[in-house]
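*Asks:* One structure, as structure tokens, below. Some questions next.
The values are calculated or read from the model by the stated rules, or taken from the named source; none is laboratory data. The structure displayed is predicted, hence computed values, not measured ones. Here the Cβ is made from the backbone with ideal geometry for all residues, glycine too, and neighbour counts use every protein chain on show. Each accessible area value is taken on the protein alone, full model and side chains, heavy atoms only, with ligands, DNA and RNA left out. Shrake-Rupley method; radii C 1.70, N 1.55, O 1.52, S 1.80 Å.
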Protein chains: 2
Amino acid sequence: MNGKVFDRVNPESFFSKDIKPALQNDPPGEWMPKIPDDCIRLSSGYPDPELVPVDELKNSVMKLLEEEKDLPLHYLGSQKVEDLKSFIQNLMVDRSMLNDNDEVLITSGACQGIDLIARTLMDDETVVAVEAPTYMEALEIFQNYTKHFISVEVDEHGLRTNRLEALLADRKRKGLKLPRVLYTIPTFQNPTGTTMTEERRKHLMKLAVEYDFLVIEDDAYGEVYFEQGMKSLKSLCGGADPRVLYVGSLSKVVAPGMRIGWVAADQVFIRALAWFKKDLDQPFAQASMGSFLENVDLEKHFTNLRKVYGDKCDLLLSELEKHLPDSVSWYVPKGGYFVWVKVPGVDTSKLLEDAVEVGVSYVPGKYFFLNQEEGLEYLRLSFSYASEGDIVEGVKRLGKVIWAVVEDL
Amino acid sequence: MNGKVFDRVNPESFFSKDIKPALQNDPPGEWMPKIPDDCIRLSSGYPDPELVPVDELKNSVMKLLEEEKDLPLHYLGSQKVEDLKSFIQNLMVDRSMLNDNDEVLITSGACQGIDLIARTLMDDETVVAVEAPTYMEALEIFQNYTKHFISVEVDEHGLRTNRLEALLADRKRKGLKLPRVLYTIPTFQNPTGTTMTEERRKHLMKLAVEYDFLVIEDDAYGEVYFEQGMKSLKSLCGGADPRVLYVGSLSKVVAPGMRIGWVAADQVFIRALAWFKKDLDQPFAQASMGSFLENVDLEKHFTNLRKVYGDKCDLLLSELEKHLPDSVSWYVPKGGYFVWVKVPGVDTSKLLEDAVEVGVSYVPGKYFFLNQEEGLEYLRLSFSYASEGDIVEGVKRLGKVIWAVVEDL
């Protein structure tokens, strides 16, 4: 065939009108500067490599393929896929999170759940309320669907619901469009590590009813508590109320690479999510996880990781006390993976260059805000991934660059 | 918290305006009647269980976790994920399918590729051209985005491009909107098993240029040839022409449950697909497949499966000759998984009840058509999944119910 028959076409002329606005945003995931391999990664929100149950997962895959042979390698047919779903359903029932009309949908990590919810609930006219700061990947997903956001501050007691109420009342008075959806990580939030108090949780749910919005509750860190867990927003909803769509994940407590998350919500929502999820299931990964959960004492695993992360968090905090100037402050988390640090007067995204230079990384705070200006003085540290030795050395290095810049102020 | 605070809300009142039209369709995947377990499944387009390399995959997972430990269980970091991508890229280069401006995106099976392409290219005003019949899962996906379709007949030489040309000319004359995208399975098509001739392929690409539409080439069966392969549409495009988006898959040649597919297309398209794919990667499954491909002689595996499926196809065809009335006809495939059968005067979806009664299943033809009326007399048989013994017995049973109904005509 003669190559000249073809004129070079412009691919962009074929783009759907629905995605063009999204593609004007910054490309997802490209916000984070590349971190050299030899850096101590206080930036990585990954589980501790020592806590990823590699051998148990290996044995589970062995067992799975010995028991089920080719079944988990087809589209359908593996009992272990069903077992995974039952396991998650039981977990939700145990935590009082499954109402009579609720169903569970297994997703490829929490992110697929968030994406499916966004796809189902958000169009270019939808107003979405988010926390400031919040999980940047969720922000990126929502921004694929809409440009209308309200952001509400988070403090050491979680989302400032009084502030939310004032904002809502103000919009109502002005005849502005009200949010249909609010996205929150109420427990051990990413990036602040803080937890919404029970009082605020109740206030939030009251506002949801009064102003008629749904709540997406992202609970990726809920099991990673150091002393005690929190009642989820989902479990606060009595009866058959469908107002909360709960997003869970095994990424932070088993292994993110398995990509096992779920959504628990009213069956009307789940049916819509499943509609667009069709054909995107992961039989092998799900069956492997199903087999793993059968062969492991999950509560024991949880108990262990709560202890390990609690100790690592304590270590990070005590090193921060030792090595950072007094002007620098942070919230003390009761669970999760992160410590949120304020360095007054310093642009942390510029400071990152110096930090990487001396071999330590963090995530500049601005990436967690819709209005990045609000986050310039903040940075997120993770104590999850780095070893204890690396935490000590990493904070020492971080202290050095912060002292250097603070002295110049 | 007082349960009575909550009024029961109507979940549907929160649905995005973009998805409401989709949810008016029949629910995806619910078209197929449930088949009892003891049926001989001539309906299943699954690989032969004997050809699914269970032991090799098991060993590959072992090797992977021994070599890389926790790396493939995080979000990032596994070299084997990179190796999978390189392998697929090299495969594409070997088949002359990768132009200078092209990139490859690994997807969760071909279906995620098709969904991402639809999301990128289709909105509620887009006209999409499809084959009649065609792969019903692709139809379902496209119908999530648009209601505007043109369907063009497939015969024993593949898509009838003369008919397409006439339709396009007619629409142009009438000032009707022209298709922006055409979806085709040119080689060993699902469900007809037929292959587009080289002449028609060239004609199709000429029409694509003349009428300015893109071609989605679904090549899930391309490697499953009995005697020789076909040059893909993608490889027919000379130079750097971005007109074909190629969708490949390891589902039919390795294992569907691993969900490894890919899209090869101009980088502008790939960048947009990747945008919406973000966070939906599958490190563990991809790394496992990367490890498998390193440890297996894929060409030898392909050679074997071509022989096995060729023999099973011959067997199915010779049994059809023996057991079916003369009025029943079918195409003779040169590859793939399927035989497309015409039973004149018979509604095959009604006949399925009788067939299941005697213990054999097939897929009624109507499900492969946008206008289901066109498919009433057809049925799709798969020789891929059933054993040779089951093929013989299954066709005998099928012959019985077809003879019974034909004698009544």
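*Asks:* Assign one of three labels to region B:199-303, namely rounded, prolate or oblate, based on the Cα gyration tensor with a ≥ b ≥ c the square roots of its eigenvalues; rounded applies when a/c is under 1.5, prolate when it is not and a/b is larger than b/c, and oblate otherwise.
*Replies:* Oblate is the answer for region B:199-303, as a/c is 1.5 or above yet b/c matches or exceeds a/b.
*Asks:* State in Å² the accessible area per residue of region A:116-168; use a 1.4 Å probe, count heavy atoms of protein chains only, and round to the nearest integer.
*Replies:* 30
*Asks:* Once you order the gyration tensor axes a ≥ b ≥ c over the Cα atoms, which shape class does region A:52-96 get: rounded for a/c under 1.5, otherwise prolate or oblate by comparing a/b with b/c?
*Replies:* Because a/c hits 1.5 or more and a/b fails to exceed b/c, region A:52-96 counts as oblate.
*Asks:* I would also like to ask the following. Apply the Karplus curve 6.51 cos²θ - 1.76 cosθ + 1.60, θ = phi - 60°, to the phi angles in region A:216-227 and return the couplings in whole Hz, x for Gly and Pro.
*Replies:* The phi angles translate into 8, 9, 8, 10, 4, 10, x, 7, 8, 9, 8, 10 Hz.
*Asks:* All other residues with a Cβ under 12 Å from the Cβ of B:Ser96 taken together, and with Lys, Arg as +1 and Asp, Glu as -1, what is their net charge?
*Replies:* Summing Lys and Arg as +1 and Asp and Glu as -1 gives +1.
*Asks:* Would you please give the residues with an amide H less than 5 Å from that of B:Gly335, counting only those at least 5 places away or on a separate chain, with H modeled from the backbone geometry?
*Replies:* B:Phe226
*Asks:* In terms of modelled amide H atoms, which long-range or inter-chain residues lie less than 5 Å from the amide H of A:Ile40?
*Replies:* Here A:Val360, A:Ser361 satisfy the definition.
*Asks:* Can you give the % of DSSP beta bridges in chain A that are antiparallel, to the nearest 5?
*Replies:* Percentage antiparallel, nearest 5: 55.
*Asks:* Okay, moving on. What whole-number volume per residue, in cubic angstrom, does the convex hull of the C-alpha atoms of the protein assembly as shown give?
*Replies:* Here the figure is 168 Å³ per residue.
*Asks:* Which value at 222 nm does the protein assembly as shown reach when only helices count, each DSSP H run of 4 or more adding -39,500 (n - 2.57), with the total divided by all residues and rounded to the nearest 500 deg cm²/dmol?
*Replies:* Calculated at 222 nm, the ellipticity per residue is -13000 deg cm²/dmol.
*Asks:* Moving on. Report, as an integer, the average count of C-beta atoms from other chains found within 10 Å of each Cβ along A:205-217.
*Replies:* So the per-residue partner count for this stretch is 2.
*Asks:* List the distances, in nm and shortest first, from the label point of A:Leu76 to the matching label points in every other copy, placing each point 7 Å from Cα along the Cα-to-Cβ direction.
*Replies:* Computed spacing set for this position: 3.9 nm.
*Asks:* Taking a ≥ b ≥ c as the square roots of the eigenvalues of the Cα gyration tensor of region A:106-228, is the shape rounded (a/c under 1.5), prolate (a/b larger than b/c) or oblate?
*Replies:* oblate
*Asks:* If the label for B:Ser329 sits 7 angstrom from Cα along the Cα-to-Cβ line, what are its distances to the same label in every other copy, in nm to one decimal, shortest first?
*Replies:* With the label placed 7 Å along Cα→Cβ, B:Ser329 yields 8.4 nm.
*Asks:* As an exercise, identify the GluC sites (Glu not before Pro) in region A:117-170 lying in DSSP coil whose Cβ has no more than 14 other Cβ atoms within 10 Å.
*Replies:* Passing both the DSSP loop test and the Cβ count: A:Glu125, A:Glu156.
*Asks:* If you find the alpha carbon centre of region B:244-280 and of region A:232-294, how far apart are they in angstrom?
*Replies:* Taking the Cα centre of each part, region B:244-280 and region A:232-294 sit 24 Å apart.
*Asks:* With θ set to phi - 60°, apply the Karplus curve 6.51 cos²θ - 1.76 cosθ + 1.60 along region A:70-79 and write out the HN-Hα couplings as whole Hz, x wherever there is a Gly or Pro.
*Replies:* Those phi angles translate into 6, 3, x, 9, 8, 6, 9, x, 7, 5 Hz.
*Asks:* Heavy atoms only, probe 1.4 angstrom, no DNA, RNA or ligands counted: give me B:Tyr337, B:Tyr225, A:Tyr75 ranked by accessible area, highest first.
*Replies:* Per-residue accessible area, sorted high to low, gives A:Tyr75, B:Tyr225, B:Tyr337.
*Asks:* So how do A:Asp314, A:Asp326 rank on accessible area, 1.4 Å probe, biggest first, that is with the largest at the start?
*Replies:* A:Asp326, A:Asp314
*Asks:* Next question. Out of all DSSP beta bridges in region B:54-294, what portion is antiparallel? Express it as a percent rounded to 5.
*Replies:* Expressed as a percentage, antiparallel bridges in region B:54-294 total about 45.
*Asks:* To continue, here is another question. Using a 1.4 Å probe and counting only protein heavy atoms, how much accessible surface gets buried when B and A come together, both sides summed, in Å² to the nearest 100?
*Replies:* 8500
*Asks:* If Lys and Arg each add +1 and Asp and Glu each add -1, what is the summed charge of the other residues whose beta carbon sits under 10 Å from the beta carbon of B:Lys20?
*Replies:* Net charge around B:Lys20: -2.
*Asks:* Take every residue in peptide A:115-122, count the Cβ atoms of other chains within 10 Å of its Cβ, and give the average of those counts.
*Replies:* Partner-chain Cβ atoms within 10 Å, mean over residues of A:115-122: 4.
*Asks:* Right, here's the next one. Which three extents, in whole angstrom, do the alpha-carbon atoms of region B:54-294 cover along their principal axes, largest first?
*Replies:* Answer, in whole Å and largest first: 64, 40, 33 Å.
*Asks:* Along Cα→Cβ at 7 Å, what distances in nm separate the A:Ser318 label point from those on the other copies, shortest first?
*Replies:* 7.9
*Asks:* Peptides A:358-371, B:169-182: what's the order by average Cβ count within 10 Å, highest mean first?
*Replies:* A:358-371, B:169-182
*Asks:* Let me check against my output: what whole-number percent is the relative contact order of chain A, with C-alpha pairs under 8 Å and at least 6 apart?
*Replies:* In percent, rounded to a whole number, it is 24.
*Asks:* List the GluC sites (Glu not before Pro) within region B:14-100 that DSSP assigns to loop and that have no more than 11 neighbouring Cβ atoms inside 10 Å.
*Replies:* Passing sites in region B:14-100 are B:Glu30.
*Asks:* Around A:Val127, which amide H atoms from residues at least 5 apart in sequence, or from another chain, sit under 5 Å from its own amide H, with H modelled in the peptide plane?
*Replies:* When sequence neighbours closer than 5 places are left aside, the close amide H contacts are A:Arg180.
*Asks:* Convert each backbone phi in region A:12-28 into a coupling constant with the Karplus relation 6.51 cos²θ - 1.76 cosθ + 1.60 (shift: θ = phi - 60°), then list the ³J(HN,Hα) values in order as whole Hz, x for Gly and Pro.
*Replies:* Per-residue couplings from phi come out as 5, 5, 9, 5, 4, 5, 6, 9, 4, x, 4, 5, 7, 5, 5, x, x Hz.
*Asks:* Using a 10 Å cut-off on Cβ to Cβ distances, tally the other chain neighbours for every residue of A:63-74 and report the average as a whole number.
*Replies:* Rounded to a whole number, the mean comes out at 5.
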